[in-house]
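Trainee: Below you'll find the structure I mean.
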Amino acid sequence: MEKFLKQYEILFLKAKEDLIAAKYLLDGFNNHNLELNLEIVFFYFQQFIEKLIKAYLDFNKIKFPHTHDLKDLINLLEDNDINFIDNIDSIVLLTQYAVEGRYAIIHDDLDDIDKYIMILDELLEFVKKEIT
């Protein structure tokens, strides 16, 4: 019998793909194999977090709005007393890459890329442990 994925499972898988894409692009950039603006990496970081939080909200049966605003999604977690990683607020600035980062040049966070990767990996492991 065929198993159908639940919404949170689909969001989780899509989030992982965004993180893989971001790391692949970053590796290509760092090894001078790709000519790109690093903001595309931050766009994928933002997409990863957005989908991962939405997966966790859905897993906890919390409805969420159609939004790219990470603070709004984090507030939904907090409003529903859902525990998350401690330093989740440090990624809120990535919201700007959801839309503006695709159309404008933003250089505010480019030096923090290693910090973000560490937080995103921690976030992935936390949600993976919770929903699988």
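Trainee: Given the options Phe48, Phe4, Phe43, name the one that is of a type in the set (Phe, Trp, Tyr), surrounded by 14 or more Cβ atoms within 10 Å (Cβ to Cβ) and either at pLDDT 95 or above or over 18 Å from Asp114 (Cβ atoms) (or both). Before the answer, list the steps.
Mentor: Numbers: Phe4 fails: surrounded by 14 or more Cβ atoms within 10 Å (Cβ to Cβ); Phe43 fails: either at pLDDT 95 or above or over 18 Å from Asp114 (Cβ atoms) (or both).
Residue meeting the stated conditions: Phe48.
Trainee: For Leu70, are the conditions met, namely being touching a helix residue (DSSP H, G or I) at 6+ places or on another chain (Cβ under 9 Å), within 22 Å of Ser90 (Cα to Cα) and not charged (D, E, K, R)?
Mentor: Yes; evaluated as a whole, the condition is true for this residue.
Trainee: All but one of (1) closer than 16 Å to Leu19 by Cα; (2) under 15 Å from the mean Cα position of the chain (by Cα) hold for Leu38, so report the exception by its number.
Mentor: Evaluating Leu38 over (1) closer than 16 Å to Leu19 by Cα; (2) under 15 Å from the mean Cα position of the chain (by Cα) leaves (2) as the failure.
Trainee: Does segment 60-83 contain at least one residue that is assigned to a loop (DSSP other than H, G, I, E, B) and of a type in the set (Asp, Glu)?
Mentor: Yes.
Trainee: Taking Glu50 as the residue in question, decide whether it is more than 19 Å from Leu124 (Cβ to Cβ) and not aliphatic (A, V, I, L, M).
Mentor: no
Trainee: Of the residues Asn83, Asn60, Asn31, Asn37, which is surrounded by fewer than 20 Cβ atoms within 10 Å (Cβ to Cβ), of a type outside the set (A, V, I, L, M, F, W, C) and at pLDDT 95 or above?
Mentor: Checking each option against the conditions leaves just Asn60.
Trainee: Do any residues in segment 114-132 that are under 15 Å from Ile10 (Cα atoms) and in contact (Cβ under 8 Å) with a residue 24 or more places away in the chain have Cβ atoms under 8 Å from those of residues that are surrounded by 13 or more Cβ atoms within 10 Å (Cβ to Cβ) and basic (Lys, Arg), where the two are at least six apart or on different chains, and which pairs are they?
Mentor: Hits for this filter: Leu124/Lys16.
Trainee: May I pose another question? Being in contact (Cβ under 8 Å) with a residue 24 or more places away in the chain and aromatic (Phe, Trp, Tyr) is the filter here, so list the residues in segment 22-74 that pass it.
Mentor: Phe42, Phe43, Tyr44, Phe45, Phe48, Tyr56, Phe59
The values are calculated or read from the model by the stated rules, or taken from the named source; none is laboratory data. This one's a predicted model, so the numbers in the text were calculated from it and none came from an experiment. Virtual Cβ from ideal backbone geometry, glycine too; neighbours counted across all protein chains shown.
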